[in-house]
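S.K.: Encoded as structure tokens, here's the structure I'll be asking about.
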Amino acid sequence: MDRHRHLHRPWQKSRSCIKAETGPPYGGRPLTGYDFSLRQLLGHTSGLPDYYSLASYRKGVAANEEPWPAAQLREAAMAQGRLFAPGKGWFYSNLGYMLARDQIEDVTQQSFSSLVKQMICDPLSLRSVELALTRRDFDRIHWPSASGYHPGWVYHGCLTGTAVDAAKILHALFMGELLNAPTLSEMRIHHPLGGAIEGRPWTECGYALGLMSGRCGEAGRVIGHSGGGPFSVNAVYHFPDLPTPITVASFTDGKNEGVAEFAAVKAALRD
């Protein structure tokens, strides 16, 4: 499950700031020391910039340098300035996910890898999923070009594992095996972002809490996430409107997320 996301572009329009009133579902109590909530971080309505927009960050990744200290990354990203007041717009920010991970570890006093194991992998009996921390952890990735990549450039965390286990995680989530019904319902609250995108299967686009959420033609609603990096792209999605709801994980090489998305939709309709 190659979920490195430093090159992640869920939709092209997400690279520009979309102004919109988000309403109460994207509110919540501000985190200590901040003017935004955890819900706003997960829904990308906090107004934080993204660190991928930093030319120096992209240059460092391309040169396969050692990752920056987290404090340096935060300082450089925040120097770009806030994009809007919390709850007054939408912009995809991996910096927000990085802060969300920090909050989770602070509250639980446990490492992110331990929490993934306890709350996801152990209950679902998954054996392949691991949090990559060193270059050596990428030696087991399918793509030879991944060898030597440092997952530390993915500051919110980079899980590796099989495509089968990626599908199992998302399917278990939507089947109610990981979250209770009220929490799952809130997680799926949809923030619309637009219509069809050329070269990709989406006919409607939106975002939920940590989830790309929209429609793909005859497949109906599609909920999950796409991702991309220097050597692969992926699309892991749940299709709740099909006669038998199904979850598909599609991984391929290249840089076009639409290829993986079309393959996922095709597989869901075929099955």
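The values are calculated or read from the model by the stated rules, or taken from the named source; none is laboratory data. Everything numeric here is computed off the predicted structure, so don't read it as measured data. Note that we place each Cβ from the backbone using ideal geometry, even for glycine, and neighbour counts take in every protein chain shown. Note: accessible area is taken over every heavy atom of the protein model, side chains too, but ligands, DNA and RNA are not part of it. Shrake-Rupley method; radii C 1.70, N 1.55, O 1.52, S 1.80 Å.
S.K.: Would you confirm whether any residue within segment 180-190 is assigned to a loop (DSSP other than H, G, I, E, B) and either surrounded by 20 or more Cβ atoms within 10 Å (Cβ to Cβ) or of a type in the set (S, T, N, Q) (or both)?
M.R.: Checked against the condition, which is being assigned to a loop (DSSP other than H, G, I, E, B) and either surrounded by 20 or more Cβ atoms within 10 Å (Cβ to Cβ) or of a type in the set (S, T, N, Q) (or both), segment 180-190 yields at least one hit.
S.K.: Please state which of the following conditions HIS156 fails to meet, knowing it meets all the rest: (1) more than 19 Å from TRP68 (Cα to Cα); (2) touching a residue at least 24 places away in the same chain (Cβ under 8 Å); (3) of a type outside the set (Asp, Glu).
M.R.: Unmet condition: (1).
S.K.: Look through ILE197, ILE169 and report the one residue that is open to solvent by less than 40 Å² (accessible area, probe 1.4 Å) and assigned to a loop (DSSP other than H, G, I, E, B).
M.R.: Selected residue: ILE197, the only one of ILE197, ILE169 that is open to solvent by less than 40 Å² (accessible area, probe 1.4 Å) and assigned to a loop (DSSP other than H, G, I, E, B).
S.K.: Against the definition (open to solvent by less than 10 Å² (accessible area, probe 1.4 Å), modelled with pLDDT under 90, part of a loop (DSSP other than H, G, I, E, B) and out of contact with any Pro (no Cβ under 8 Å at 6 or more places or on another chain)), how does PRO10 come out, yes or no?
M.R.: Against the criterion (open to solvent by less than 10 Å² (accessible area, probe 1.4 Å), modelled with pLDDT under 90, part of a loop (DSSP other than H, G, I, E, B) and out of contact with any Pro (no Cβ under 8 Å at 6 or more places or on another chain)), PRO10 qualifies.
S.K.: Quick check on segment 228-243. Is at least one of its residues open to solvent by 20 Å² or more (accessible area, probe 1.4 Å), free of Cβ contacts under 8 Å to residues at least 40 places away in the same chain, aliphatic (A, V, I, L, M) and outside any strand (DSSP E or B)?
M.R.: Among the residues of segment 228-243, at least one is open to solvent by 20 Å² or more (accessible area, probe 1.4 Å), free of Cβ contacts under 8 Å to residues at least 40 places away in the same chain, aliphatic (A, V, I, L, M) and outside any strand (DSSP E or B), which makes the answer yes.
S.K.: Still on this model: Quick one: in segment 62-92, of everything that is touching a helix residue (DSSP H, G or I) at 6+ places or on another chain (Cβ under 8 Å), part of a loop (DSSP other than H, G, I, E, B) and in contact (Cβ under 8 Å) with a residue 24 or more places away in the chain, which residue is most open to solvent (accessible area, probe 1.4 Å)?
M.R.: GLU66
S.K.: Does PHE112 satisfy the condition of being under 28 Å from THR183 (Cβ atoms), among the hydrophobic types (A, V, I, L, M, F, W, C) and within 17 Å of the chain's Cα centre (by Cα)?
M.R.: Yes, satisfied.
S.K.: Can you name the residue in segment 100-119 that is in contact with a helix residue (DSSP H, G or I) (Cβ under 7 Å, 6 or more places away or on another chain) and within 15 Å of CYS158 (Cα to Cα) and, of all such residues, is surrounded by the most Cβ atoms within 10 Å (Cβ to Cβ)?
M.R.: Checking each candidate, the answer is ALA100.
S.K.: May I ask you to list the residues in segment 115-138 that are assigned to a helix (DSSP H, G or I) and either aromatic (Phe, Trp, Tyr) or closer than 26 Å to TYR51 by Cα (or both)?
M.R.: LEU115, VAL116, ARG135, ARG136, ASP137, PHE138
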